[in-house]
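Everything below concerns the one structure shown next.
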Amino acid sequence: MKDVFYSIHPYTRICFLALGITGTIFANRITILSLYWLFTLIPFFVINRKLVSHIKVLLFVFLPIYLSYILIYVWASKFGFDYVSFRVAKLMVFATVIQIFFSFKSNEQIDTFLKWKFKGNLLLVILGTFSVIDDIVKQSDKIVTARYARGFIKDRNIYNTIKQIPQTLVPLFAIAIRTSIERSDSWERKDMLSLLSNWEQKRYRTHYLSDIWILITTTLYLVISL
Amino acid sequence: MVQIKNIELIGGENFSGRSAYLREKNCDNNSRKRLFIGEIPSNYLSGLTTTVDNEIRLHRANNNQQIIVEIDALLKKCDFDKHLFKNSFNLSGGEQALLAVACHLLIDKDDLAIDTVLEQLSSSWILHLFDTFRKLPHKKIMISDNRIKSYGFEPDMILQHNNDKPLIDSKKFQINTSEDINFLLDDISFSYSRFQNVLTNFTYEFETGKIYLLNGKNGAGKTTLAKILSGVLKLKHGKIYKNGLIYVPYSYPGKIVGYSFQDPDEQLFANTVFRELNGNVDSLKANMLAKSFGLSDFMEEHPQDLPFVLRKRLAIAATLSIDRSFYIFDEPTLGQDDNTSKELAKIFHKLTTGGKGVIIISHFKEFILEYDSIDINLS
């Protein structure tokens, strides 16, 4: 029997969220936000090989926000770059803390929620919510692929792929409804609540050094921010 | 033919009420609902876990050691060790079917009904699975399937179909002739991850006018090869030549090779069967296809409202509604009884006489035995 390996221990994860969010609310200098982002948040993404997904968030979410803020506040209202940079940095650190909080590896998901004392129907709903997103993304991808296979899409480009979104909705809804009906019936037959309540939690292992580092630096961040 | 005491095998043609019989019989004497696995195995996985390992752990939560040992042995024989940390929704159709059956066997209930799922498994996996059933005599398993005889068993019960069932009729199928094409796949390899190749150094030449039967164990790369040829997946290593010239299918998805998926639901987009058959462009061809595939009575119905057997036929007919030089059919006989499968074989043969190339991915070779076909084993 293999142990479960947590990228962050579930208890550390909770403390990190509470300290990180409070620290960001009270942070009043861009230097503190930048240092925290650089020495605590970025190393986490590097260790867990998720830097690319974080860079995507920066490029496709925060860069457009930053540019819009420049347009609204610097160009139109003459607030200055410091004002805009501070607000965007605060928003970015806030969102990154939440991104890290929810960045479970797939095999640690159930154990993490059980450690947080979720059980019964609530656990069922939360686990279902996490996996349904994954399920819908995969189904949509398969449907777009099927449209390519039928020869409905002339050229491969982002514009044509976006144009397929309305066409994917009919099969996606039909599949989702059929799956929901069959799966709920299957849960009843299997007595899913009893299976979940009997889930055997394994011994856990974690990167102790990274857990300690994330806790100490986040506490320091909160203290300095206050 | 040896029967297994704890298994009840139910045969019969499509629309003979096999599924309804299984569902009717779905309560045991204490009115507890039986465990049941229907035609789409992924719907019978929990949907709560994201890895195969966790899916198995979830279902083995309250079980006895003998069952755990037997199921572990079954999964090991079927090479499931390498899939433990994969997302269960990324597995091939056959792998999902085996996982669903294994997980249901792990649950501490003795009655299990399996409807038309085993058709997706390769013959070696079927042998391992029935061997496991035999070793778990306290489990009472009802199986409704079209391929019982090809697994080496006699059905315990054969249900009779009603006379109004929609029949497939190959005589009504007509085909336009097309130019000769050959594809040379030269040393192609493909992998979904850095660590494991699905196809390795595969070289083969496909020509129009012939039927090719792609087989091999589950997960051997049959569907991957089909997706590369039809231009759905981008080839990472190797070259493809069309009539001697380099050809990149990825740049022309679905334009030369039509591909009918294993799961029909992903491929049905229109609001009516008529439109799905491209009826708004060529109504004559749509009507011909509807008559050939037994869909005439359902032209104004929504494709997703049809039963699985008809949705599968419709997906095949819809692929044929657009003229291509090559067609790939992934598990075309899924859910289809023997007579329907034979009619399908006749249609595939007609396609080759019209100069089309046909590639069939199937674990059920018997349906095409009447015609010359070329076996390609990817194992």
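A short reminder: the numbers here are calculations on the coordinates, not readings from a lab. Keep in mind the model is a prediction, meaning the values are calculated, not measured. Methodologically, a virtual Cβ is constructed for each residue, glycine included, from the backbone with ideal geometry; neighbour enumeration extends over all protein chains shown.
Miscellaneous remarks
- Across the protein assembly as shown, the convex hull enclosing all Cα atoms gives 177 Å³ per residue.
- Cα-centre dipole for the protein assembly as shown with unit charges at Cβ (Lys and Arg positive, Asp and Glu negative), debye to 20: 1880
- Gain upon complete extension [A:F62, A:S184; 0.36 nm per residue less C-alpha separation]: 40.0 nm
- Within the protein assembly as shown, helix-based [θ] at 222 nm, where runs of 4 or more DSSP H residues each add -39,500 (n - 2.57), nearest 500: -13500 deg cm²/dmol
- Among B:H302, B:H104, B:H363, residue whose mean-square fluctuation peaks in a GNM of chain B (springs only between Cα atoms under 10 Å): B:H302
- For the stretch B:335-371 versus the stretch A:14-39, the spacing of their alpha-carbon centroids is 64 Å.
- Converting phi to 3J(HN,Hα) with the Karplus coefficients 6.51, -1.76 and 1.60 and the offset θ = phi - 60°, the stretch A:43-52 yields x, 4, 5, 5, 4, 8, 6, 10, 4, 4 Hz in sequence order, with x at every glycine or proline.
- A cut-off of 5 Å between modelled amide H atoms, ignoring neighbours fewer than 5 places along the same chain, links B:I328 with B:G258, B:Y259, B:S260, B:I359.
- Stokes-Einstein D (µm²/s) once Rh is taken as the Kirkwood radius of chain A over alpha-carbon pairs, at 37 °C in 0.692 mPa s: 157
- A viscosity of 1.306 mPa s and a temperature of 10 °C, combined with the Kirkwood radius over Cα pairs in Stokes-Einstein, give a translational diffusion coefficient for chain B of 73 µm²/s.
- Between A:K154, A:K119, A:K105, the residue with the greatest mean-square fluctuation in the GNM of chain A (Cα pairs under 10 Å linked by springs) is A:K154.
- Two-site FRET efficiency, A:I158 against B:A20, from Cβ-Cβ distance with R₀ of 56 Å, rounded to 0.05: 0.75
- Each peptide in B:7-15, A:168-176 receives the mean, over its residues, of other Cβ atoms within 10 Å, and ordering these scores from highest gives B:7-15, A:168-176.
- B:K140 long-range amide H proximity, modeled H, under 5 Å: B:D111, B:L112
- The mean number of partner chain beta-carbon atoms within 10 angstrom of a residue's beta-carbon across peptide B:253-263 is 4.
- Relative packing of peptides B:289-301, B:166-178, A:49-61 - highest average C-beta neighbours within 10 Å first: B:289-301, B:166-178, A:49-61
- For the stretch B:7-159, the calculated P(r) over all alpha carbon pairs, in 10 Å bins from 0 to the bin holding the longest distance, is 11, 43, 37, 10, 0 percent.
- Calculated log₁₀ intensity ratio I(q)/I(0) where the Debye formula runs over C-alpha points of the stretch A:111-197, q = 0.11, 0.19, 0.24, 0.25 Å⁻¹: -0.46, -0.88, -1.17, -1.23
- Cα pair distances of the stretch B:96-157 binned at 5 Å [whole percent]: 4, 16, 31, 31, 15, 3, 0
- Under-5 Å amide H pairs with B:H237, H placed in peptide plane, nonlocal only: B:S189
- Counting DSSP beta bridges with both ends in the protein assembly as shown, the antiparallel % (nearest 5): 30
- Only Lys, Arg, Asp and Glu carry charge here, each on its Cβ (+1 for the first two, -1 for the last two); on that basis chain A has a dipole of about 380 debye about its Cα centre.
- Spin-label zone in the stretch B:42-86 - amide nitrogen under 17 Å from a point set 7 Å from the Cα of A:R205 along the C-beta vector: B:85
- Relative to the Cα centre, the charge distribution of chain B, modelled as +1 at Lys and Arg Cβ and -1 at Asp and Glu Cβ, gives a dipole magnitude of about 540 debye.
- Residue (of A:Y36, A:F104, A:S140) at the positive-pole extreme of chain A, dipole from beta-carbon charges: A:S140
- The equivalent ellipsoid that matches the C-alpha gyration tensor of the stretch A:23-90 spans semi-axes of 25, 16, 7 angstrom, in descending order.
- Rounded to 0.05, the FRET efficiency of the B:M299 and A:S197 pair, given R0 = 56 Å and the Cβ-Cβ distance, is 0.65.
- Solution diffusion estimate, µm²/s, Stokes-Einstein, the stretch B:170-377, Kirkwood Rh from C-alpha pairs, 25 °C, viscosity 0.890 mPa s: 141
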